[in-house]
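A.B. asks: Please see the structure below; I have some questions.
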Amino acid sequence: MTNVLVLYGLPHSLYTGKVRSYLRKQGIGYRERPPSDPHFAQVVVPRIGRGIIPVVELADGSVVQDTVDIIDHFERAGVRYSAYPKTPRQLAVAHLFELYSVLGLTRHAMHYRWSYLDRQKAFLQDAFGVGGNAERTASVMARMNSYLPMLGVSDETIPAIEESYRQLLQGLDAHFTQHPYLVGTQPSIGDYSLFGPLFAHLGRDPVPLAIMQRDAPKVHRWVERMHAPDLDLVEYNLEGEHGFAAGDEIPASLSPVLDQIAVELLPGLTDRLKFLRAYVASGAAKPGQPVTSKPHQRIVGEVETSFRGIPYTGGVQPYTFLLWQRLQDAAADSESVRDLFAARSLSALLEEKLPIRIRRADNIEVWDERRD
């Protein structure tokens, strides 16, 4: 049993960054420890069934894994700056960024980290070397590097990935010139999700960080703001004020970014949905059962898909559908959300019917009710 909340994570971990930012913004005290800590292997891993970060160990000794579960745990308890807007359009857009950050920006983050290994090897070896075990460091780095093909990173797609990163930085930089966060003067679940890749990889590793600092200073400043223990609104003359924009407003400055998300997100999601429908129809997804046969496995198969029109073979991760489900649940039957998504060519995200629901139970995803 611990006397203070413990966050098991690492500075260069995408998902740890998301949770760390949230805890800081809420003023929740914590102590961060690496997964090489003996207590993690001896106590935490047996409780969650796999070695994965981030994990929080609460003061009563219970553990919570996954950023969604961790953030929602504290939201239920009450926090000073809720991550969830109360109005439908802002909530749906926040969940859209949550989905895009996982399915879309993980590709960018992993490309810039590992495709430029020769230019930032010393930095990454130092980051992954926490714990002082050189053999383990080399093994973990090699395993992370091996994920690139599944994410769609190849000689053919790299030019498109880098063009996408430049376009995203341009769009976000214009938005953050006018607004401190995505949909108001406090961060939403979309901000926390976006922060994961834009900090831990793209805003920290030497190669993509240099691009961000050079081409998108407002995005880099937003990264700093997201890591601050307060709202950090000094440039906007808004000290003491916070909240999501009035009237369920979605700033017009986000429109180019939403258009980019539609182009990049929909093909991969549509192709993966076809796979899921066949997978469910085959009887492989049994309600109440874990989504994969082993806790550390994250995909249930592979699918031929594309990124910006360039084909690749990508993994089908049930967690993606959990996030898509959260978006659809947030949108519900809101006409204003339907109108917004239609205007940005995102209607398919609301109209496509997922064949089965997914829920989190005992720190893993399990198949829930079918939706035939």
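The values are calculated or read from the model by the stated rules, or taken from the named source; none is laboratory data. Just so we're clear, the structure is a prediction, and the values are computed from it rather than from any experiment. Reconstructed Cβ throughout: ideal geometry from the backbone, glycine too, with neighbour counts over all protein chains shown. With ligands, DNA and RNA removed, areas are computed over all heavy atoms of the protein, side chains included. Shrake-Rupley method; radii C 1.70, N 1.55, O 1.52, S 1.80 Å.
A.B. asks: Rounded to the nearest 10 Å², what accessible area does residue 163 have for a 1.4 Å probe in the complete protein model?
C.D. replies: The accessible area comes out at roughly 80 Å².
A.B. asks: For the range 293-372, state which trypsin sites (Lys or Arg not before Pro) are in a DSSP loop and have at most 11 other beta carbons lying within 10 Å of their beta carbon.
C.D. replies: Listed in order of number, the matching sites are 353, 371.
A.B. asks: Oh, and also: Which ³J(HN,Hα) values in Hz, rounded to whole numbers, follow from the phi angles of the range 336-343 under the Karplus curve 6.51 cos²θ - 1.76 cosθ + 1.60, where θ = phi - 60° and Gly and Pro get x?
C.D. replies: Values, residue by residue: 5, 5, 4, 5, 4, 5, 5, 5 Hz.
A.B. asks: Give the Debye-formula value of log10 I(q)/I(0) at each listed q (0.23, 0.27 Å⁻¹), with one equal scatterer per alpha carbon of the range 225-307, two decimals each.
C.D. replies: Listed by q, the Debye log ratios stand at -1.14, -1.34.
A.B. asks: Would you mind classifying the range 1-49 by shape? Square roots of the alpha carbon gyration tensor eigenvalues, ordered a ≥ b ≥ c; an a/c under 1.5 is rounded, otherwise it is prolate if a/b is larger than b/c and oblate if not.
C.D. replies: In terms of gyration-tensor shape, oblate.
A.B. asks: Over the alpha carbons of the range 244-292, what is the largest minus smallest coordinate on each principal axis, giving the biggest first in Å?
C.D. replies: That gives 45, 24, 15 Å along the principal axes, largest extent first.
A.B. asks: Take the solvent-accessible surface of the protein heavy atoms, probe 1.4 Å, and return the percent of it on the chain that carbon and sulfur atoms account for.
C.D. replies: Looking at the chain in its full context, I get 51 percent from C and S.
A.B. asks: Right, another one. Counting each DSSP H run of 4 or more residues in the chain as -39500 (n - 2.57), what helix-only mean residue ellipticity at 222 nm follows after dividing by all residues, to the nearest 500 deg cm²/dmol?
C.D. replies: So the calculated ellipticity at 222 nm is -16000 deg cm²/dmol.
A.B. asks: How much accessible area per residue does the chain have, in Å², with a 1.4 Å probe?
C.D. replies: Here the per-residue accessible area is 41 Å².
A.B. asks: Now for a different question. Full extension from residue 84 to residue 117: what is 0.36 nm times the residue separation minus their Cα-Cα distance, to one decimal in nm?
C.D. replies: 8.2 nm
A.B. asks: Binning every alpha carbon pair distance of the range 62-186 at 10 Å from zero, what are the percents per bin?
C.D. replies: Calculated over all Cα pairs of the range 62-186, the distribution is 10, 28, 31, 26, 5 percent.
A.B. asks: Can you flag which of 86/353; 18/121; 25/274 are past 29 Å Cα-Cα?
C.D. replies: The pairs that break the limit, which is 29 Å between Cα atoms, are 25/274.
A.B. asks: Just want the answer: with Cβ charges of +1 for Lys and Arg and -1 for Asp and Glu, which residue in 90, 112, 64 is farthest toward the dipole's positive end in the range 35-122?
C.D. replies: Of the listed residues, the answer is 112.
A.B. asks: Give me the distance in nm between label points sitting 7 Å out from Cα along the Cα-to-Cβ direction at residue 213 and residue 234, one decimal.
C.D. replies: In this crude label model, residue 213 to residue 234 measures out at 1.8 nm.
A.B. asks: A follow-up question, please. Antiparallel as a % of all DSSP beta bridges within the range 1-146, to the nearest 5?
C.D. replies: 65 percent
A.B. asks: Based on the alpha-carbon gyration tensor of the range 267-372 and its eigenvalue square roots a ≥ b ≥ c, which shape applies: rounded if a/c is under 1.5, prolate if not and a/b is larger than b/c, or oblate?
C.D. replies: It is oblate, given that a/c is not under 1.5 and a/b is not larger than b/c.
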